[in-house]
1. Of everything in segment 121-139 that's modelled with pLDDT of 85 or more and assigned to a loop (DSSP other than H, G, I, E, B), which residue is least open to solvent (accessible area, probe 1.4 Å)?
2. On the basis of being open to solvent by less than 50 Å² (accessible area, probe 1.4 Å) and touching a residue at least 40 places away in the same chain (Cβ under 8 Å), does TYR154 make the cut?
3. Pick from TYR118, TYR43: which is surrounded by 19 or more Cβ atoms within 10 Å (Cβ to Cβ) and either touching a Lys or Arg at 6+ places or on another chain (Cβ under 6 Å) or not in a loop (DSSP other than H, G, I, E, B) (or both)?
4. Exactly one condition in (1) among the charged types (D, E, K, R); (2) open to solvent by 20 Å² or more (accessible area, probe 1.4 Å); (3) within 20 Å of ILE97 (Cα to Cα) is false for GLU170; which is it?
5. Go through CYS196, CYS190 for me and flag whichever is over 16 Å from the mean Cα position of the chain (by Cα) and surrounded by fewer than 19 Cβ atoms within 10 Å (Cβ to Cβ).
6. Give the residue that is nearest to VAL64 (Cα to Cα), with candidates limited to residues of segment 80-105 that are at pLDDT below 95 and open to solvent by 40 Å² or more (accessible area, probe 1.4 Å).
7. Output the residue which, of all residues in segment 55-67 that are of a type outside the set (Phe, Trp, Tyr) and surrounded by 15 or more Cβ atoms within 10 Å (Cβ to Cβ), is nearest to PRO27 (Cα to Cα).
8. When both residues are 6+ apart or on different chains and their Cβ atoms are under 7 Å apart, which pairs have a first residue that lies in segment 41-65 and is more than 26 Å from ILE77 (Cβ to Cβ), and a second that is among the charged types (D, E, K, R) and assigned to a strand (DSSP E or B)?
Amino acid sequence: KSFLFSLVISAFCFTANAQTNVYHPFPDSNAVWNEYTGTNSGYGYYIESIIGDTIINSIKYHKVYKHTESLTPSDTIITISNSWFIGAIREDSLKRIYFYNKYAVPCCGKTDSTYLLYDFSKHVGDTVFFSNNFQYGYTYPYLIVNSIDSILAYNQYRKRFNLNGETWIEGIGSTRSLFSAILGIPTCFCTNELVCYKYRDTSYYLNP
């Protein structure tokens, strides 16, 4: 029995390691982030989604729309007609995710500016520098990767980056919110949580 148990555990670890060795890129379409925000004055839910493509400064981006009206945790429907265009997102060949901030969303940052959101190329002990001059809009000037483990997302394991102040999941983003990096430094009691993430009608993350 002990041998069989060890064999099962070894097989499980092998499967998890094999899956996390496969990089899961950031979505370029049909992705939905359902998020929660709470402040001193109340709370609410909102949805962000990638719908369509655009060209910005000769570079292809994926358009991001936001819907905030009277939502609940179970709402996952977002279309161009019930949302508004806030900016665009792209991934480069080095596993870095950038956001073009069209309308100063969600609260901070300059309009018509591009921000680094994530860097999934990093290893344990590495530092993610958002801006050498701490460009206006960033929550942190930098983050340090304290550890990397894995999390089961639907039927596959993905890398989870545990940083000082953030948790990132490969191909999904921050467990705080999609734009956590540019939320700015809060001056009140504020809570941001990713409720769920859906890609092509399949839920890959559900907040426990």
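1. Of segment 121-139, the ones modelled with pLDDT of 85 or more are 121-130.
If we keep only those that are assigned to a loop (DSSP other than H, G, I, E, B) too, we end up with 121-126, 130.
Working: SER121: 48, LYS122: 52, HIS123: 118, VAL124: 91, GLY125: 54, ASP126: 52, PHE130: 18 Å².
Checked segment 121-139; the qualifying residue least open to solvent (accessible area, probe 1.4 Å) is PHE130.
2. Details: open to solvent by less than 50 Å² (accessible area, probe 1.4 Å): no; touching a residue at least 40 places away in the same chain (Cβ under 8 Å): yes.
Taking the combined requirement at face value, the residue does not satisfy it.
3. On the way: TYR43 fails: surrounded by 19 or more Cβ atoms within 10 Å (Cβ to Cβ).
Result of the check over TYR118, TYR43: TYR118.
4. Here GLU170 meets the rest and fails (2).
5. Working: CYS196 fails: over 16 Å from the mean Cα position of the chain (by Cα).
One residue alone meets the criteria, CYS190.
6. Top of the filtered list is PHE85.
7. Taking segment 55-67 first, the residues of a type outside the set (Phe, Trp, Tyr) are 55-60, 62-64, 66-67.
After this cut, where a residue has to be surrounded by 15 or more Cβ atoms within 10 Å (Cβ to Cβ) as well, the list is 56, 62-64, 66-67.
Values: ILE56: 18, HIS62: 9, LYS63: 11, VAL64: 11, LYS66: 16, HIS67: 19 Å.
Per the criteria, the residue is HIS62.
8. The qualifying pairs are ILE59/ARG90; LYS60/ASP53; LYS60/ARG90.
The values are calculated or read from the model by the stated rules, or taken from the named source; none is laboratory data. Owing to the predicted nature of the structure, the values given are computational and were not obtained by experimental measurement. Positions of Cβ are generated from backbone atoms using ideal geometry, with glycine treated the same way; all protein chains shown enter the neighbour counts. What goes into the accessible areas is simple: the full protein's heavy atoms, side chains included, and nothing from ligands, DNA or RNA. Shrake-Rupley method; radii C 1.70, N 1.55, O 1.52, S 1.80 Å.
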